[in-house]
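K.L.:
One structure, pasted below without further comment.
Bear in mind these aren't lab numbers, they're just calculated from the coordinates by the rules spelled out. Because the structure is predicted, anything quoted here is derived from the model rather than measured. Backbone-built Cβ (ideal geometry, glycine too); neighbour counts: all protein chains shown.
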Amino acid sequence: MSYQALARKWRPKNFAEVVGQVHVVKALSNALDQQRLHHAYLFTGTRGIGKTTLARIFAKCLNCEKGASANPCGVCSACQEIDEGRYIDLIEVDAASRTKVEDTRELLDNVQYSPTRGHFKVYLIDEVHMLSGHSFNALLKTLEEPPLHVKFLLATTDPQKLPMTVLSRCLQFNLKKLPEDAVVQQLESIMLAEDVAFERPALYSIARVADGSMRDALSLLDQAIAYSKENVTDSAMHEMLGTVPREYMQKLVQALIDENAAEIMRCSHELAQLSADFGSLLDDLIDILHQAAISQAVPDAESRLGSDVELANKLGKQLSAEDVQLFYQIALLGRRDLYLYTSQQSALEMTLLRMLAFRPASREQTGQEGSVVRNKVISRDAQDSRESAPGDVQDSRESAPASKIDDLVKNGRWPELIDQLGIQGSAHSLASSCSVQSASGEGVVLNLAEQHEGIAIPNARRKLQEALQAYFNQNVKLEIKLTNQDIDTPAKKKTRAMEERQSLVEKQVEEDEVVKAFRSSFGAEVVAGSVKPIGE
């Protein structure tokens, strides 16, 4: 007996067997049950997601001998012949091979005649966008005024190429790429039914390469079963697909956690010897970072995680949420710019090294001399004491400055303190937009202009308060008051300094002898806004 490919053997025969596309199945089922049937339907979407399959099921629903409904019997002669592709009243046409107007006219010559056996004569035109302009014109007249016994089912991967006159006469259904989890679930059911041994991560590898196409996934599964001799393991899939072996991903993840640049370079060299696909590796890393972010934000959402649950959980537990988000963004940019590099290997190396270079210092980070530095804040007194006793283990609350909190007001140290707190992002923006109203041994009261109220979000307040408490080694009550008065803030001082510096360099350019010579000799002018201080 000849072997039947999985993509054909497991093609859905009714709406209940269709994977995904719930929005299309529901609309077609309701139309059949309510007998509200349009004369032309257009199914659009990428390859292998069920366009022609749904069209055939719909044709079966229309012509089932038990009557038109959303649940064809599947046993009558009409249902069986449609499944076998030999039903006389289902005319399937591949528009890619019949693009000429003569072909279309020949096809439509028999539209006027009643169906031979069924309730409806169904025309299924695949890749309809391949028809010529004249062919569309020939089809348009029939689409405008079709006989009651005719239904048109059109399928295309490129609906933009269809004339608007055709689109406007069809009910259009846009099929979506299948989610990775849905593909894996279907593959798992098929493997169990086929009684073939498998590892679940291997199915995720297939689903990822299939990119939402069930037909591609089933074709790859066929290849995988043959390649692995009916034992579809994860390692076998990496060999077959040419993707990076899982152990290297584990090494790279651990190297990121440990900030081990040497291990990253060693893995990169070994992967180059294996002729690895570095673009695919970056895709896998992006996916793992995404899963890690989910595990951090929603710890009980493990069912939503993919094949790399263990790696994702490891990253989520050993990296901060900020680190995960930073690494994810860097990986995305590295993937986008992959082909700008001289080699894909260097692209991977630079992307991973960039993650280490821009990773913020952790809240507890061991220094070279064994001392513990918190919040990246080291006062001059603490530095002096460390130099005098390099073997001691110090805490930033030993390193807090001798001056008290109220010095913020007396000595105007708020801008200086902001730089020493080591805060970033929203917390830094909030602190820079405030001025100190009062400060005492118990806490700090800050003024914030009313128009900047939006930056005083709870997370920014919390981070600023935590930084102050760590710096002064005591509980610090932080209060932020809105004011409509003009207040002098570190941000304004920085802006003034920048403006003064800009004005100075513009004046220097104006007085430059070379510039004067160009002006007098050639009538040259300095382009407004083109002069910038060095470093900006």
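K.L.:
Treat every Asp and Glu Cβ in the chain as -1 and every Lys and Arg Cβ as +1, leave all other atoms uncharged, and give the resulting dipole magnitude about the Cα centre to the nearest 20 debye.
P.N.:
Details: 60 positive and 75 negative charges, 311 e Å.
So the dipole magnitude of the chain works out to roughly 1500 debye.
K.L.:
Would you calculate, for the chain, the mean residue ellipticity at 222 nm contributed by helices, counting each DSSP H stretch of 4 or more residues as -39,500 (n - 2.57) and dividing by all residues, to the nearest 500? Please report the intermediate quantities before stating the final value.
P.N.:
Working: 24 runs with 270 residues, N = 536.
Result for the chain: -15500 deg cm²/dmol, rounded to the nearest 500.
K.L.:
In the stretch 456-519, which GluC sites (Glu not before Pro) fall in coil by DSSP and have 15 or fewer other Cβ atoms within 10 Å?
P.N.:
E511
K.L.:
Right, here's the next one. What aspartates and glutamates could a cross-link reach from K9, if we take a straight Cα to Cα line under 19 Å and drop same-chain neighbours fewer than 8 places away?
P.N.:
E17, E81, D83, E84, E188, E194, D195, D216, D222, E230
K.L.:
Of the cross-linked pairs K229/K251; K60/K161; K121/K141; K100/K176; K494/K532, which ones have a Cα-Cα span greater than 20 Å in the structure shown?
P.N.:
Numbers: K229/K251 29 Å; K60/K161 28 Å; K121/K141 17 Å; K100/K176 30 Å; K494/K532 16 Å.
Going by Cα-Cα distance, K229/K251; K60/K161; K100/K176 fall outside the 20 Å limit.
K.L.:
Something else now. Restricting to bridges with both residues inside the chain, how much of the DSSP beta-bridge set is antiparallel, in percent to the nearest 5? Mind dumping the intermediate values first?
P.N.:
Values: 7 of 35 bridges.
The antiparallel fraction comes to roughly 20 percent.
K.L.:
For the stretch 1-151, what's the relative contact order in percent, using C-alpha pairs closer than 8 Å and at least 6 residues apart?
P.N.:
Details: 171 pairs, mean separation 32.9, N = 151.
Relative contact order for the stretch 1-151 comes out at 22 percent.
K.L.:
Using Cβ counts within 10 Å as a stand-in for footprinting exposure, how do R336, R354 rank, fewest first?
P.N.:
Working: R336 10, R354 16.
Starting with the residue having the fewest Cβ neighbours, the order is R336, R354.
K.L.:
Another one. Treating cross-link reach as a plain straight distance, find the aspartates and glutamates whose alpha-carbon is under 12 Å from the alpha-carbon of K26, omitting any fewer than eight places away in the same chain.
P.N.:
Output for K26: empty list, no partners.
K.L.:
To continue, here is another question. Relative to the present Cα-Cα distance, how much length would full extension add between R462 and S320 at 0.36 nm per residue of separation?
P.N.:
Details: separation 142, 0.36 × 142 = 51.12 nm, distance 1.65 nm.
Fully extending the segment from R462 to S320 adds 49.5 nm.
K.L.:
Still on this model: Using Cα-Cα distances under 8 Å and only pairs 6 or more residues apart, what relative contact order does the stretch 407-488 have, in percent?
P.N.:
Working: 109 pairs, mean separation 27.1, N = 82.
Result for the stretch 407-488 is 33 percent.
K.L.:
Subtract the Cα-Cα distance of T483 and K229 from 0.36 nm times their separation in residues, and report this length gain in nm to one decimal.
P.N.:
Gain on stretching T483 to K229: 84.0 nm.
K.L.:
Could you work out the percent of alpha carbon pairs in the chain separated by over 42 Å, rounded to a whole number?
P.N.:
Details: 71582 of 143380 pairs.
For the chain, the fraction of Cα-Cα distances above 42 Å is 50 percent.
K.L.:
Sorting D211, D287 on the 10 Å Cβ count, fewest up front, what's the list?
P.N.:
Working: D211 15, D287 20.
Ranked by crowding around the Cβ, least crowded first: D211, D287.
K.L.:
Relative to the first principal axis of the alpha-carbon coordinates of the chain, what is the inclination of helix 261-273, with its axis defined by its Cα atoms, in degrees from 0 to 90 and to the nearest 10?
P.N.:
30 degrees
K.L.:
Now a separate question. Please report the relative contact order for the chain, taking Cα pairs under 8 Å with a sequence separation of at least 6, and give it as a percent rounded to a whole number. Display every interim value, and only then the final one.
P.N.:
Working: 734 pairs, mean separation 46.3, N = 536.
With pairs under 8 Å counted, the relative contact order is 9 percent.
K.L.:
Going 7 Å from the Cα of H452 toward and past its Cβ, which residues in the stretch 482-512 have a backbone nitrogen under 11 Å from where you end up?
P.N.:
The answer is 483, 487-495, whose backbone nitrogens lie closer than 11 Å to the label point.
K.L.:
By how many nm would the segment from Q437 to R36 grow when fully extended, if each residue of separation counts as 0.36 nm and the alpha-carbon distance is taken off? Walk me through the numbers on the way to the answer.
P.N.:
Values: separation 401, 0.36 × 401 = 144.36 nm, distance 7.18 nm.
Contour length minus the Cα-Cα distance gives 137.2 nm.
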